[in-house]
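> Here you go, one structure.
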Amino acid sequence: SQKIEQNSEALNIQEGKTATLTCNYTNYSPAYLQWYRQDPGRGPVFLLLIRENEKEKRKERLKVTFDTTLKQSLFHITASQPADSATYLCALDLSGGGADGLTFGKGTHLIIQP
Amino acid sequence: DTAVSQTPKYLVTQMGNDKSIKCEQNLGHDTMYWYKQDSKKFLKIMFSYNNKELIINETVPNRFSPKSPDKAHLNLHINSLELGDSAVYFCASSQELAEETQYFGPGTRLLVL
């Protein structure tokens with residue numbers, strides 16, 4: 001069965017450093033992968049989508065890579081700030097067409113310490 | 001204006017009751033979803049609904065039934081509530097089925113006593 005694993009439940013990073021979060025998946029070759037941010041008491045908010053033919057995608061201080069050989073995506077936040085503290089979720093569409101919704105990893109709780 | 005809204009925000013009820021959660025999106029999207037986030041924060045798809053076609057996750061008990069009066073609404077009805085139904089339920093929408101960003105509502109926190 002398909003598994004999506006995110007590297008750790010919690011990650012503590014010093015402000016100003018680069019935070020790197022990992023998402024690994026098995027038994028599937030997704031056409032794309034998405035990253036979401038979730039703050040306490042709120043719904044997930046979309047951050048970035050990367051397609052299988054894209055190695056890297058950037059948005060401001062965010063960078064996502066997608067290695068279909070390793071079956072892994074890395075999510076980087078450069079020059080991290082305390083406001084970046086949140087839970088970050090990676091998500092895959094396992095149906096190939098979006099019909100079954102997204103399958104999410106369990107998330108990584110990122111804490112940026114001042 | 002809120003893109004995806006849910007009511008109520010909190011729902012506390014007794015075991016065995018029947019309850020509904022409402023969801024509305026004003027984005028003009030074609031597809032809507034219901035997700036369940038359990039106490040361990042694991043977010044799982046329950047249903048997706050597109051153009052009157054309902055796709056059900058086979059692990060969802062048939063006590064749960066989504067109903068869509070129109071394209072902008074997908075309500076969730078739950079019969080005979082059980083303790084294990086306590087969770088946060090999120091509604092989401094996307095423009096089309098494939099490769100689209102999903103927009104989530106704020107969630108409904110359900111507590112079954």
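The values are calculated or read from the model by the stated rules, or taken from the named source; none is laboratory data. Computed from a prediction, not measured in an experiment: that's the story for all the values here. Cβ coordinates were reconstructed from backbone atoms using ideal geometry, including for glycine residues, and neighbour counts include every protein chain displayed. For accessibility, only protein heavy atoms count, side chains too; no ligands or nucleic acids. Shrake-Rupley method; radii C 1.70, N 1.55, O 1.52, S 1.80 Å.
> Out of all the residues in the range A:2-23, is one or more at the interface with chain B (Cβ under 9 Å from one of its Cβ atoms) and open to solvent by less than 10 Å² (accessible area, probe 1.4 Å)?
No, every residue in the range A:2-23 fails to be at the interface with chain B (Cβ under 9 Å from one of its Cβ atoms) and open to solvent by less than 10 Å² (accessible area, probe 1.4 Å).
> In addition: Would you confirm whether or not the range B:46-67 contains a residue that is in contact with a Ser or Thr (Cβ under 7 Å, 6 or more places away or on another chain), away from every other protein chain (no Cβ under 12 Å) and part of a loop (DSSP other than H, G, I, E, B)?
Scanning the range B:46-67 turns up at least one residue that is in contact with a Ser or Thr (Cβ under 7 Å, 6 or more places away or on another chain), away from every other protein chain (no Cβ under 12 Å) and part of a loop (DSSP other than H, G, I, E, B).
> From the list B:76, B:111, pick out the single residue that is open to solvent by 60 Å² or more (accessible area, probe 1.4 Å), part of a strand (DSSP E or B), more than 25 Å from residue A:49 (Cβ to Cβ) and more than 9 Å from chain A (Cβ to nearest Cβ).
B:111
> Pick from A:14, A:6, A:2: which is modelled with pLDDT of 90 or more and closer than 23 Å to residue B:92 by Cα?
None of the others qualify; the one that does is A:6.
> I would also like to ask the following. Among the residues in the range B:37-45, are any over 20 Å from residue B:96 (Cβ atoms) and among the β-branched types (Val, Ile, Thr)?
no
> Looking at the range A:31-41, which of its residues are modelled with pLDDT under 95 and surrounded by 11 or more Cβ atoms within 10 Å (Cβ to Cβ)?
Result: A:31, A:32, A:33, A:34.
> Additional query: Which ones in the range A:30-45 are over 19 Å from residue B:41 (Cα atoms), out of contact with any Lys or Arg (no Cβ under 8 Å at 6 or more places or on another chain) and outside any strand (DSSP E or B)?
A:30
Okay, residues lined up against (1) charged (D, E, K, R); (2) within 14 Å of residue A:85 (Cβ to Cβ):
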| residue | (1), (2) |
| --- | --- |
| A:27 | no, no |
| A:36 | no, no |
| A:39 | yes, yes |
| A:44 | no, no |
| A:52 | yes, no |
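> Of a type outside the set (S, T, N, Q), within 30 Å of residue B:23 (Cα to Cα) and assigned to a strand (DSSP E or B): which single residue out of A:74, A:11, A:21, A:48 fits that description?
Going through A:74, A:11, A:21, A:48 in turn, just one is of a type outside the set (S, T, N, Q), within 30 Å of residue B:23 (Cα to Cα) and assigned to a strand (DSSP E or B): A:48.
> Just need a number here: residues in the range A:61-71 that are modelled with pLDDT under 95 and open to solvent by 50 Å² or more (accessible area, probe 1.4 Å).
Residues flagged as modelled with pLDDT under 95 and open to solvent by 50 Å² or more (accessible area, probe 1.4 Å) within the range A:61-71 amount to 5.
> Condition check: in a strand (DSSP E or B), within 14 Å of residue B:110 (Cα to Cα) and among the basic types (Lys, Arg). Does residue B:36 satisfy that?
The answer is yes for residue B:36.
> Let me ask something additional. Scan (1) farther than 23 Å from residue A:104 by Cβ; (2) free of Cβ contacts under 8 Å to residues at least 24 places away in the same chain; (3) away from chain A (no Cβ under 14 Å); (4) of a type outside the set (Asp, Glu) for the single condition residue B:81 breaks and write down its number.
(2)
> Mind checking which residues of the range B:21-67 are polar (S, T, N, Q), more than 22 Å from residue B:79 (Cα to Cα) and buried (at least 17 other Cβ atoms within 10 Å of the Cβ)?
Those that are polar (S, T, N, Q), more than 22 Å from residue B:79 (Cα to Cα) and buried (at least 17 other Cβ atoms within 10 Å of the Cβ): B:25, B:31, B:50.
> Next question. Can we say residue A:28 is of a type outside the set (A, V, I, L, M, F, W, C) and either crowded, with 18+ Cβ neighbours inside 10 Å or within 11 Å of another protein chain (Cβ to nearest Cβ) (or both)?
Spelling it out, it is not the case that residue A:28 is of a type outside the set (A, V, I, L, M, F, W, C) and either crowded, with 18+ Cβ neighbours inside 10 Å or within 11 Å of another protein chain (Cβ to nearest Cβ) (or both).
> Still on this structure, I have one more. Which condition number does residue A:79 fail, the rest of (1) surrounded by fewer than 17 Cβ atoms within 10 Å (Cβ to Cβ); (2) touching a Gly at 6+ places or on another chain (Cβ under 7 Å); (3) within 11 Å of chain B (Cβ to nearest Cβ) being met?
If we test residue A:79 against (1) surrounded by fewer than 17 Cβ atoms within 10 Å (Cβ to Cβ); (2) touching a Gly at 6+ places or on another chain (Cβ under 7 Å); (3) within 11 Å of chain B (Cβ to nearest Cβ), just (3) comes out false.
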